[in-house]
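Structure first, commentary second.
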Amino acid sequence: MAYKREIDRLPIPPADAKVTSAVCHYCIVGCGYKVYSWDINRQGGTDPATNAFGADLAVQQRVETPNWFAPAMYNVVKQDGRDVHLVLKPDHDCVVNAGLGSIRGARQGELSYSEVTGTQAQRLKDPLVWRYSGLHPTSWDDALDLVAEVTRRVVEDQGEDGLLVSAFDHGGAGGGYENTWATGKLYFESMKVRNIRIHNRPAYNSEVHGSRDMGVGELNNCYEDAQLADTIVCIGANPLEAQTNYFLNHWIPNLRGSTLEKKQAELPDEPHDRARIIFVDPRWTVSINASVIEAGRDRVLHLPIKSGTDLALFNALTTVIADQGWVDHAFIAAHTAGYDEMLQANRTTPEQAATITGLSPEQIRTAAAWIAEPKAGGKRRRTMIVYEKGLIWGNDNYRTNQALVNIALATGNIGRAGGGCVRMGGHQEGYVRPSDAHIGRPAPYVDQLIIQGKGGVHHIWACDHFKTTLNATEFRNAYKRRTDLVKYAVESVPYADRARLIDAIMGAIRQGGLFSVNVDIVPTKIGAHSHVVLPAATSGEMNLTSMNGERRMRLTERYMDPPGRALPDCLIVARLAQKLEESWRRAGKPEIADRFKGYDWQTEEDAFMDGFHRHANGGEHVTYERLRAAGTNGFQEPAVGVEDGRIVGTKRLYSDGRFGTADGRARFAASPWRGLEAAGKEQERDRFPYLINNGRANHVWQSIYLDQASDFVMDRWPYPFLEINPADMAELGVKAGDIVEIFNDNGATQAMVYPTPTARRKETFMLFAYPTGVQGNVVSAGVNELIIPNYKQTWGNIRKLADAPEATRHLTFKSKDYRVA
Amino acid sequence: MERECKNLAEVGRRQFLKGSVAVAGAATATVSTQTAAAPRAPGVEYPVVRLANLADLVVDQPLRIRYPDRRSPGALIKLGVPAEGGVGPDGDVVAFSTMCPHQGIPLNYVAADKTLNCFSHYSRFDCEKAGFQIWGHATQNLTQFRLRVDDAGEIFAEGMDDLIFGRLSNVLDV
Ligand code: SF4
């Protein structure tokens, strides 16, 4: 039976409940939330004077009411040591989400740590160290002393290249400006660590180098542009599932035609209509379905390309647009360089592109017209172009990214209302770090270093590569082997004999062992192999700042205590730095010890002031106090000043036509098609019958780190789904809910069959990063020239493992697409 | 009820009325004087409400019902196939709240696949699987009403399995 909470009433927040601002700590959209908290022994009443909503709660509330919260938005948590009721409810006054909550974010209340309701009992509460064949609690002092001592000894032996680091680089939970600054200061200022990688990719690099190298930052527009655009082009993204409330609150109104008045008011000198939309995606998605429902079939163009052929399509679009004379010559002349060379290098006819992409030349010409054909009266069409992991984790990332930005520049659509060429984003952002220039390009492929036995100590900050890396089988096996060597060594001596313990660990490291330190909020798959596990606080348990996909920066004010002895990552960094300083001093290296000064932060606000305030572009205008006053609407980065105590931000980047290059001119890029570029991909496609496309589902956030303890989510997806065409199912002899094995030369994994009539034959789609079936097992080690992984172009075989197990028998397997009766 | 009316007009504008649960049968819910079957502590006490008679039901034609009071719309549906929580001789009679637990938008019944659908945000719930959210934004599966059928074929609602939208107590404190 479908999971039900059997809840039939909830406590009423009293009129004097404490109300603070928060931002959803999950996806890039960064929806605003209001946090209500009040003493455990109190309740409000139904009378408007006695409850926090000022509403008559004795009656049924209207649709979309702000005066209600779902059971998943409620919990009992600790605030300064006392139990309080907590409600985390979407904010109706936030311009981002206007009261909408998604199936992920609107469960933040329930996914909070509670000793009373028992939610998130999985949270890490104490520092743990490996001793006597298990991870057992110890003090912060003991744990950090061990980490510092081993780290220092490894660096003495191998130099700083012996220290491998995996770290978040984003905003929201497991990130934020406070924590990216702290980790960045430790590894890039106190040390110059090169062998560092990011949570979702095996090196320290931008996912959008291509765009940045052209002088175009990847988050250059604002969410309002989706309401103003004439045409939206969506590439390799599924916004209804992965950026839910951006799509619902900003795209859908334009597709429905309900932003016409706004368009007329803001852009009065041109004709307006509701938006058209183009999707470039090998598969049909709920986003495409919803667009067809709202805009009608004649205003939605789905281009179901062959997987990995986006680049050829983009070059053909640029060619058609140029040949039709639809380019923005004035913009190109004033603000760009390299147009003619680009066009010459990239020239691709629709017929050539049709052969590569599997589309028809007519589809390509139609798309070009929707993007660039002038409106009535010769007015330029406003086209917003967005992309995400279909492109970012797809074939030939760098060139494909550039080929797309070429289109946006050629049509003058960057820095302009209703335009932009932006990534949609996964996490929120929150990056402020000292320069990483010492890492160089391409950055070291850290996974390969680990596999090859390099390095001696690994610091992991909120990453679980066992679920979220490519070539995961080989990586996992190497990791286990190397960390086991250290475990045997630890067990060969009494734990409390620190000198012998360190010697034993160092001996194991010299034999190829790896000492693993894992900082996280919950136990992870990789952390199970660590020797030290450190408990971190998450958003809401500390003050945390981030920005969303339109660079909207907000402060989530601390609303509850972290579990046990967990600390904000930035303060863990501070303590670790102090321990490293002591260790180097004890070792008689005061000049190195001195590099670890400057971490005397007492609070996360101290880290913020040291980092963002002093180092971010416009950071000098930003303080916690001003952010608190700005609430869930915050301001859009970069800050350019302060007026009447309010931070003044920047709505769109490049609206003055000055781009991020030395001369201010954006650069067109030559980016000709070169097939499947990553090593081994062409052969894999030729050898295996099934495309194992992969990505997200709206139910779950990131690597399921909190959702793995959610009955609601695990009931829906006990195993990762594999969307597959029913005719393929018949051929394989499998039914809905059956467990299948997916295998190729890289490894094998498992998934649950989800019949999907809209899936093309031999093109499956698997839920990514799931603990009960890791898609990364079957992804090859092939990367692009800048070490960007290529998860999407994966091919494999499929065979039946088992009939539908009990956990899948009560599930629904109906189409995910909304239907009109 | 102004908002609900406005909303139904919106449904009409988008030509969804045809498929909405407003296929009004003669089902005027009447509040029974019987007390709830099993008092639940510390929750609320549900009224027992007669919804309809089995003879009133036609497969895939939902009756609009109100439970536990007239401000809380639901659908009583004979699915024609046995279903989770189904009652009646064929185990195929089910009832659900039709206020979407996401934002309270009225759900439309789609007979073709026996689902309840939100026209505003596209959430979908499976009537054969206890209101399982197939896809959508709600943080809970759809609230199902617990039903009982007596010897005369009278169908009663006696409780429900989750909080319904727009109230912090399923039984309002009036
Ligand atoms: S759309 Fe994203 S930011 Fe908004 S509530 Fe959902 S997960 Fe959170």
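The values are calculated or read from the model by the stated rules, or taken from the named source; none is laboratory data. This one's a predicted model, so the numbers in the text were calculated from it and none came from an experiment. Here the Cβ is made from the backbone with ideal geometry for all residues, glycine too, and neighbour counts use every protein chain on show. Protein only, heavy atoms only, side chains kept; ligands, DNA and RNA dropped before computing areas. Shrake-Rupley method; radii C 1.70, N 1.55, O 1.52, S 1.80 Å.
Report the net charge of residues surrounding A:Gln324, where surrounding means a beta-carbon distance below 15 angstrom and charges are Lys +1, Arg +1, Asp -1, Glu -1.
With Lys, Arg at +1 and Asp, Glu at -1, the net is +1.
Where in region B:113-130 does accessible area fall by at least 50 Å² between the isolated chain and the complete protein assembly, at a 1.4 Å probe radius?
Residues shielded by partner chains are B:Tyr122, B:Arg124, B:Lys129.
Do the sum for chain A: with -39,500 (n - 2.57) for every DSSP H run of n ≥ 4, divided by all residues, what is the mean residue ellipticity at 222 nm, to the nearest 500 deg cm²/dmol?
After summing the helix terms and dividing by the residues of chain A, the value is -7500 deg cm²/dmol.
Among all the lysines, which ones have a C-alpha under 24 Å from A:Lys89's C-alpha, if same-chain residues fewer than 8 places away are not counted?
Cross-link targets: A:Lys4, A:Lys18, A:Lys34, A:Lys78.
So what is the accessible area of chain A per residue, in Å², with the probe set to 1.4 Å?
With the other protein chains kept in place, chain A gives 32 Å² per residue.
Give the Cα extents of region A:476-570 along the principal axes, in whole Å, largest first.
The principal-axis extents, from largest down, are 50, 28, 18 Å.
Quick check on region A:235-333: take the gyration tensor over C-alpha atoms, sort the square-rooted eigenvalues as a ≥ b ≥ c, and tell me if it's rounded (a/c under 1.5), prolate or oblate.
Note, shape of region A:235-333 comes out oblate.
For region B:71-115, with every protein chain kept in place, what is the accessible area per residue (1.4 Å probe, Å²)?
Value for region B:71-115: 24 Å² per residue.
Viscosity 1.306 mPa s, temperature 10 °C: give me the Stokes-Einstein translational D for the protein assembly as shown in µm²/s, with Rh taken as the Kirkwood radius over C-alpha pairs.
54
State the percentage of accessible surface on the protein assembly as shown attributable to carbon and sulfur atoms; use a 1.4 Å probe and exclude ligands, DNA and RNA.
50
Enter the Cα centre distance for the pair region A:195-236 and region A:90-165, rounded to the nearest angstrom.
28
If we count every other residue with Cβ under 11 angstrom of A:Phe466's Cβ, Lys/Arg +1 and Asp/Glu -1, where does the sum land?
That works out to +3.
Using amide H atoms built 1.01 Å from N in the peptide plane, name the residues 5+ places from A:Ser102, or on other chains, whose amide H lies under 5 Å from its own.
Under 5 Å from the amide H of A:Ser102 lies no amide H from a residue far enough along the sequence or on another chain.
Given a cut-off of 26 Å, name the pairs among A:Lys525/A:Lys589; A:Lys125/A:Lys389; A:Lys762/A:Lys792 whose C-alpha atoms lie farther apart than that in the structure shown.
With Cα atoms farther than 26 Å apart: A:Lys525/A:Lys589; A:Lys125/A:Lys389.
Taking A:Lys262 as the anchor, which aspartates and glutamates have their alpha carbon closer than 14 Å to its alpha carbon, excluding any fewer than eight residues away along the same chain?
Of all the aspartates and glutamates, those that pass the test against A:Lys262 - Cα under 14 Å, at least 8 places apart if same chain - are A:Glu224, A:Asp225, A:Asp230, A:Glu270, A:Asp273.
Between chains A and B, what is the buried accessible area in Å², counting both sides, with a 1.4 Å probe and ligands, DNA and RNA left out, to the nearest 100?
Protein heavy atoms only, the A-B interface buries about 5400 Å².
Answer rounded, prolate or oblate for region B:59-174, using the Cα gyration tensor with square roots of eigenvalues a ≥ b ≥ c: rounded when a/c is under 1.5, else prolate when a/b is larger than b/c, else oblate.
It comes out oblate by the Cα gyration axes.
Mind putting together the pair-distance distribution for region A:1-83? All Cα pairs, 5 Å bins, whole percent per bin, short to long.
Here the calculated profile for region A:1-83 is 3, 12, 19, 24, 20, 14, 7, 1, 0.
Measuring from centroid to centroid over Cα atoms, what is the spacing of region A:1-68 and region B:152-169 in Å?
22
Considering the convex hull of the alpha carbon atoms of region A:732-821, report its projected area averaged over all viewing directions, in nm², one decimal.
7.8
So for region A:331-437, averaging the separation of alpha carbon pairs under 8 Å that are six or more residues apart and normalising by length, what relative contact order in percent results?
The value is 24 percent.
Can you put A:Arg626, A:Arg481 in order of accessible area, largest first, using a 1.4 Å probe?
A:Arg481, A:Arg626
Determine the residues within region A:804-821 where the difference in accessible area between the chain on its own and the full set of protein chains amounts to at least 40 Å²; count protein heavy atoms only and use a 1.4 Å probe.
Buried-area filter returns A:Thr812, A:Lys814, A:Lys816, A:Tyr818, A:Arg819, A:Ala821.
Give me, ordered by chain and number, the residues 5 or more places off A:Arg554 or on other chains with an amide H under 5 Å from its own placed amide H.
Amide H neighbours of A:Arg554: A:Ser546.
For A:Lys454, go through the lysines and keep the ones whose alpha-carbon is under 16 Å away, minus same-chain ones fewer than eight residues off.
A:Lys480
For chain A, what's the relative contact order in percent, using C-alpha pairs closer than 8 Å and at least 6 residues apart?
18
What is the P(r) of region A:506-640, as percent of Cα-Cα pairs per 10 Å bin from 0?
Per 10 Å bin, starting at 0, the Cα pair percentages come out as 11, 29, 32, 20, 7, 1.
Could you go through region A:433-442 in sequence order and give the Karplus-derived ³J(HN,Hα) for each residue, using 6.51 cos²θ - 1.76 cosθ + 1.60 with θ = phi - 60°, rounded to whole Hz, and x for Gly and Pro?
Whole-Hz 3J(HN,Hα) from phi for region A:433-442: 9, x, 3, 9, 4, 5, 6, x, 10, x.
Between region A:748-806 and region A:379-426, what's the alpha-carbon centroid distance in Å?
Cα centres, region A:748-806 to region A:379-426: 27 Å.
Taking each residue in B:103-112, count the Cβ atoms of any other chain within 10 Å of its Cβ, then average. What number comes out?
Per-residue shielding by partner chains comes out at 3.
Amide H neighbours of A:Ala804 under 5 Å, counting only residues 5+ apart in sequence or on other chains, H built in-plane at 1.01 Å?
Amide H to amide H, under 5 Å and 5 or more residues apart or across chains, A:Ala804 pairs with A:Asp738, A:Ile739.
Please report the relative contact order for region A:678-821, taking Cα pairs under 8 Å with a sequence separation of at least 6, and give it as a percent rounded to a whole number.
In percent, rounded to a whole number, it is 35.
In whole Hz, with x marking every Gly and Pro, tabulate ³J(HN,Hα) for region A:761-771 from phi via Karplus 6.51 cos²θ - 1.76 cosθ + 1.60, θ = phi - 60°.
My calculation for region A:761-771 gives 4, 6, 10, 9, 9, 10, 5, 8, 6, 8, x Hz in order.
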